[in-house]
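For reference, the structure is listed below as structure tokens.
Just so you know, all these numbers are worked out from the coordinates, no wet-lab data involved. Since we're looking at a predicted model, the values are computed, not measured. Positions of Cβ are generated from backbone atoms using ideal geometry, with glycine treated the same way; all protein chains shown enter the neighbour counts.
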Amino acid sequence: MSINSLDHDDMANVSSKWDFTDEVDTQQRRPGKDLKSAEARRRIEMLREIRESGLTIEEAKELGLLH
């Protein structure tokens, strides 16, 4: 689709129908995503520390460092 084939009046009409509640819903879902990202960062850091210590993944699991 070419940019020239877009109907700018239709685009303006659609944008005027946007609802603020859509934006609020998106923001409310964000904390769950942030929590997952934080958990992933902690896990990556833990794996780096295990690697730096010289342990293997299997040894770390045996020691209870990984679940």
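Data overview
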{"quantity": "Net length gained if the chain between Glu59 and Glu45 were fully extended (0.36 nm per residue, minus Cα distance)", "calculated": "3.3 nm"}
{"quantity": "Approximate spin-label separation Glu52-Leu66, in nm, with each point projected 7 Å along Cα-to-Cβ", "calculated": "1.8"}
{"quantity": "Efficiency of FRET from Cβ geometry, Ser5 and Leu35, R₀ 30 Å, rounded to 0.05", "calculated": "0.10"}
{"quantity": "For Leu66, residues with placed amide H under 5 Å, excluding near neighbours", "calculated": "Lys61"}
